[in-house]
Amino acid sequence: MKGTDHAFSLERPGLTRVVRDLRRARQALGDGVKRVYPNEAGGLYKMGKKLVAARDLPAGHVLTGEDIAIKSPNDGLPPYELENVIGKVTVKALNEDETISFEDLTDHGQNK
């Protein structure tokens, strides 16, 4: 006897496939933890970005946004550190396109 749900009910093999597919979907979603796999490292280095001097900067210079450029490859401070770099003072002269590091900067000695 057919009921109202007969048209969308599953028999045992169909239900087995649905359960299998749901388990596969859970596995495909993973655990939510981001990982860098060895085959991705080269691309992340080449395509990643860093903070560099946008122009020649003298020692004792207070950094502004105009003094900083973002360029490849990824072998320096990442762009998300930009707000932590602006307002710092260079402890040495930086050449245009030179990678900026926290060792090159201080909070002291600002020119006024």
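Given the conditions (1) surrounded by fewer than 10 Cβ atoms within 10 Å (Cβ to Cβ); (2) in contact with a His (Cβ under 8 Å, 6 or more places away or on another chain), report the number of the one that Val89 does not fulfil.
(1) is the only condition that Val89 fails.
Just wondering, is there one or more residues in the stretch 77-96 that are among the small types (Gly, Ala, Ser) and free of Cβ contacts under 8 Å to residues at least 24 places away in the same chain?
No, the conditions are met nowhere in the stretch 77-96.
Looking at the stretch 31-40, can you tell me whether even one residue there is within 20 Å of the chain's Cα centre (by Cα) and either surrounded by 10 or more Cβ atoms within 10 Å (Cβ to Cβ) or touching a residue at least 24 places away in the same chain (Cβ under 8 Å) (or both)?
yes
Read the figures in this text as sums done on the coordinates, not as results from a lab. Given the structure is predicted, the values throughout are model-derived calculations rather than measurements. Using ideal geometry, Cβ is built from the backbone for each residue, glycine included, and neighbour counts are taken over all protein chains shown.
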